[in-house]
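The values are calculated or read from the model by the stated rules, or taken from the named source; none is laboratory data. Being a predicted model, the structure only gives us computed values, none of them experimental. FYI the Cβ positions are ideal-geometry reconstructions off the backbone, even for glycines, and counts take in every protein chain you see. Quick note on the areas: whole protein, heavy atoms, side chains included, nothing else; ligands and nucleic acids left out. Shrake-Rupley method; radii C 1.70, N 1.55, O 1.52, S 1.80 Å.
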Amino acid sequence: MLQLIHSNVAGRVAPTSKGGSKYIVTLLDYYFRYCTVCVYCTIRKNSDVLSKFTEFKTRVENLHNTKIATIRADNGDEYLSNEFKLFLKDHDIGHQLTIPGTPQQNGVAERFNQTLFDTARCMLIQSGLKLDFGADAIMTACYIRNRCPTVNTHGNKDGCGNSTLISRNISRSQLPGPRYIETLKRYLDTRKPPEQIFKVALNVAAKYNNLVKVWAGPYLLVGLFNPQDVELILGSHVHLEKSAEYKYFQPWFGNGLLISYGDIWKNHRKMIAPTFHMNILKSFFPQFNEISRKVCKKMEREKGKPFDCHEYMSGVTVDILLETVMGYKEPRSEDSGFEYALAVMKMCNILHQRSYKPWLRFDSIFKKTQFSKDHDKLLSIIHDLTNKAVDSRKKDHLQKKSEIYEPKTTPTQEEKPKEEKPKVELAKETIQGYNNGTAVRDDLDENDENDVGEKKRLAFLDALTEAALQEGVNFTEQEVRDQVSTIMFEAFLDALTEAALQEGVNFTEQEVRDQVSTIMFEGHDTTAAGSSFVLCMLGVHQDIQTKVIQELDDIFHKTDRPVTYQDTLEMKLLERVIMETLRMYPPVPIIARKLNEDVKLASCDYTVPATTTVVIAPFVLHRSPKNFPNPDVFNPDNFLPEKCQERHFYSYIPFSAGPRSCVGRKYAMLKLKVLLATILRRFKVKSTVEEKDFVLQGDIILKRTDGFMIQLEDRQKIC
Ligand code: HEM
């Protein structure tokens, strides 16, 4: 290392950079092919090159604790000046000059300059940025090139110039994957539309067995496809940190549950998980029913013609979230839910592009693009709705607190109800349907089992009844339920608001807003995609739809009564249809974690080094013939209890699994059942597109770019 430095001056570059620079100097280490400096000179003066070389020398020598031995350059004036020669002599550095007219002798630097210019040009053309950004594009190209694997002089294909950034262990681990140059080509071919990128990724995954290594610019990504290996990551309490790509969500989610880490995540998770207690979820049924009926009424106008049901599903899932989890009941325009959902979709598109277009990773470049302006506009639409929900709930909470808490002291032990539903029974009820039928429990199940929420709720319910009796106020059952669901049940937002208002609790007001933004996103876009895919699949598989409708008719006997919690337990086939749809079309197609320690895989003899980004793709895992026979065939019987027992728990993970699994999974399943049952009691669904023609886009949330086209026909009127 530093035995031989290749150098070259290139330019003049037109147009000049914003700072007036016209030339670049490259200084390239022969051993690692690492270009440490890539600068512009203000004017082509010999002293410019010397001063850049001096800076470079001091830095690399300090960094690597060794001396530069030789520099090789062409016969340019800047390398022939007395100043330069004297400097080399003083520092005992050999000076190799190429024979005039033979740039091949300095080919390493000449070729590297060409690579930088080509890469920068591609970036400028693809991003649509003006040529003024040439300097920034060249700097970016150099940054990326430095972090890509290269064939160094020792034939080590995995070797990477930047030994300080990427562990040399990587080369030793010899993980299987496409050739680095192939990856680079794919990675830089960013003109491909997002649905093509998804296809490319699936094709790469299909060629490998248990794992694949892919270089994405500076990052080593390792995709794991074996459930045993997936369990090592998702089931662990060590690898809880999300990968670097999640940082683009920061302005949106702040320290929200999805992206936070360490103690913040741990404390917040402990606080939020109980707010999704099954008993709280049961109290949401009136809203589930009412809003599902409303959307059926709205969809009436689409009867008899093909339409994109995702727009309706997005609107309805936002409305349900606002009125249940957020307890936000203030009047809103009919389309406000859809406007919010649309803003979220556009935002996801921008964030997805940031993850696969390397230049957009840099804030300095991103901020100068149209994407950034759109990003800020969309963020204000999104935050506007979440702020309204938080402010309204806070006001409500304080008001109701002063009305109800004041006349009553904490109930005594004797006031607590004598009979409670056996806790284990309650937990079983919920585990079966939503946990893949196997007995792997997480904190959500523990909450239901230990039922902290219920104890609290009953105490509060006692307090409410007591207060009503004492003051001679007659609460109707509905009024009690309203109070209970808004204040006493401590729905999500209440719990957070209360926490933020109490001193010494770990939530600041900003953190409450962050959590609300997170839940609003995670809670609506996933279920909107899930419900839309279910409608499309039932539209394609008419025979299965007929059976689901029969099941619903057996439960409801063609009456128009609302769906109850008990009904949802009887919707066995609908549940299997939902689970099978989430298998074939998991709304979250990719989960990524940063490894905090080396991981020795269980399925094969490889070790994945610490700091690697591990990519777990439910989409790939769920379509493995090893986990599901005939994986591309829609078969709800894959989720018959006996079939579930046969499989590894981590072979089906639409809601992720382990300590960072989805906190909203039970909520999501209940909401999906009520919504879909209401639609299927009212309409017969047909798909206007065959399943093989679905065009999938797997960015943050799995979507169909061709639209979720279905057609509705009348069944019976229930709303
Ligand atoms: C069909 C619907 C849903 C699916 C498929 C789904 C899937 C997932 C997945 C795969 C994760 C892990 C993501 C990762 O690690 O990158 C996750 C996390 C999360 N989900 Fe869901 N989700 C759904 C519905 C919901 C709902 C309705 C809510 C809330 C109302 C919700 C709230 C969350 C939160 C807060 C996290 C972060 C948990 C943590 O990191 O501790 N999700 N979800």
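Numerical summary
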{"quantity": "Protection proxy ranking of 111-124, 367-380 - average other beta-carbon atoms within 10 Å, highest first", "calculated": "111-124, 367-380"}
{"quantity": "Sum of side-chain charges, residue 640 neighbourhood, beta-carbon under 14 Å (Lys, Arg +1; Asp, Glu -1)", "calculated": "+1"}
{"quantity": "Length-normalised contact order for the stretch 4-146 - Cα pairs under 8 Å, 6+ apart - percent", "calculated": "25 percent"}
{"quantity": "Antiparallel content of DSSP bridges confined to the stretch 4-146, in %, to 5", "calculated": "65 percent"}
{"quantity": "Among 20-26, 667-673, 126-132, the order from most to least packed when residues are scored by Cβ within 10 Å on average", "calculated": "667-673, 20-26, 126-132"}
{"quantity": "Amide H partners (placed H, <5 Å) of residue 328, local residues excluded", "calculated": "323"}
{"quantity": "Carbon plus sulfur fraction of accessible area for the stretch 4-146, probe 1.4 Å, in percent", "calculated": "51 percent"}
{"quantity": "Net charge, residue 701 excluded, C-beta distance under 10 Å - Lys, Arg +1, Asp, Glu -1", "calculated": "-2"}
